[in-house]
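Take a look at the structure set out below.
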Amino acid sequence: MSSVRELTTSQCSYRTEGSQENSTKEEVMRRYALRDDQWERIKDMLPGQEGWVGGNAKDNRLFVEALLYRYRAGIPWRDLPERFGDFRSVHKRHSRWSESGVWERVFKTLSEDADNEYAALDEHDCTRSSTQCWCKKKHQTINLKHKQLDAVRVVYLPKFMPPVMHASNPTGFHLTPGQAHDLQGADALLDGIHEIGALLADKAYDATERVLKRLKEADCQAVIPPKVNRTQQRTYDLHMYKWRHLIENFFQKLKQYRAIATRYDKTARNFLGAIHLAASVIWLN
């Protein structure tokens, strides 16, 4: 009789532990999932619906949440929970949507709602994760120039309004090799600089021809400290320059996506697509 009681007790404890583990997994999945109001804002921007060219998608929301779960948790594709379906299908679909620019269109649509007065320019290095390897030559590799490149640099341009000091959402991204100078990203992102009143950046962007001259032509104030080796030191708004912490605030939000912070992706196509997806979610919050 005692052995039966012990067995029954052990079974109960096992079931309790199993139920607690399942509830924990469900909480994690809900934490990484989209809210209903967030989904309502982007669902009509995604392909695979009635009226679109091609077949209808089975469940776009489940697919988007599978991507968010993977990038937030920082897991290999094959470790996706079974509720999201075959990980190969999820990865292949993400690759197609990234290549066709779906995530970039969603991001640009959301960022068009911004009515901002100032912008900031900065970069961040994303080192390669030890869990990923290089892909074949026929794909676009994450090393944009050299095969032995170990890092990629994300250059981005957030815009903000000074009264709302916590609101610094990005409006553009550009990938460069990790060893490239910051000005390579500035060349690609400063085309729409005429729309803002001031640009905040660090000393790396203190370049007369490539930055300062373009800002002057666009009637945009340059809030950039001069380099110490300049023969003639420029003046800049030191108080406004303190707003640059908003740039780092955004990067801290983006680095919550573990697979982006340590770059799990093998291709620049998928990596940039994941950045656009994560930035879109940040816009939705």
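Overview of values
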| item | result |
| --- | --- |
| Filter result (of a type outside the set (A, V, I, L, M), in contact with a Lys or Arg (Cβ under 9 Å, 6 or more places away or on another chain) and free of Cβ contacts under 8 Å to residues at least 40 places away in the same chain) within region 72-85 | W77, R78, D79, F84, G85 |
| Conditions (1) open to solvent by less than 60 Å² (accessible area, probe 1.4 Å); (2) over 23 Å from the mean Cα position of the chain (by Cα); (3) closer than 16 Å to E123 by Cβ: number failed by R210 | (1) |
| Scan of region 63-101 for residues that are of a type in the set (A, V, I, L, M, F, W, C) and farther than 26 Å from Q252 by Cβ, ordered by number | F63, F84, F87, V90, W97 |
| Number of the exception - I247 against (1) under 15 Å from Y118 (Cα atoms); (2) surrounded by fewer than 15 Cβ atoms within 10 Å (Cβ to Cβ) | (2) |
| In region 226-285, residue farthest from R41 (Cα to Cα) [restricted to those that are among the aromatic types (F, W, Y) and assigned to a helix (DSSP H, G or I)] | Y241 |
| Residues within region 21-75 that are modelled with pLDDT of 70 or more, open to solvent by 70 Å² or more (accessible area, probe 1.4 Å) and closer than 20 Å to W283 by Cα, tallied | 7 |
| Filter pass, E217 being closer than 16 Å to P170 by Cα, open to solvent by 80 Å² or more (accessible area, probe 1.4 Å), at pLDDT below 90 and not hydroxyl-bearing (S, T, Y) | no |
| Some residue of region 220-240 being within 22 Å of A73 (Cβ to Cβ), open to solvent by 10 Å² or more (accessible area, probe 1.4 Å), modelled with pLDDT of 90 or more and of a type in the set (F, W, Y) | no |
| Among residues of region 191-207, those that are surrounded by 15 or more Cβ atoms within 10 Å (Cβ to Cβ) and modelled with pLDDT of 80 or more, counted | 9 |
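So that you can scan it fast, the table gives a plain yes or no per residue for (1) touching a residue at least 60 places away in the same chain (Cβ under 8 Å); (2) of a type in the set (S, T, N, Q):
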{"position": "D187", "(1), (2)": "no, no"}
{"position": "E195", "(1), (2)": "no, no"}
{"position": "A198", "(1), (2)": "yes, no"}
{"position": "D202", "(1), (2)": "yes, no"}
{"position": "A207", "(1), (2)": "no, no"}
{"position": "V211", "(1), (2)": "no, no"}
{"position": "R214", "(1), (2)": "no, no"}
{"position": "A218", "(1), (2)": "no, no"}
{"position": "Q221", "(1), (2)": "no, yes"}
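The values are calculated or read from the model by the stated rules, or taken from the named source; none is laboratory data. Keep in mind that what you see is a predicted model, and the values were worked out from it rather than measured. When we count neighbours, we look across all protein chains shown, and the Cβ atoms used for this are built from the backbone with ideal geometry, even at glycine. For the accessible areas, the whole protein counts, side chains as well, though only heavy atoms, and no ligand, DNA or RNA atoms are used. Shrake-Rupley method; radii C 1.70, N 1.55, O 1.52, S 1.80 Å.
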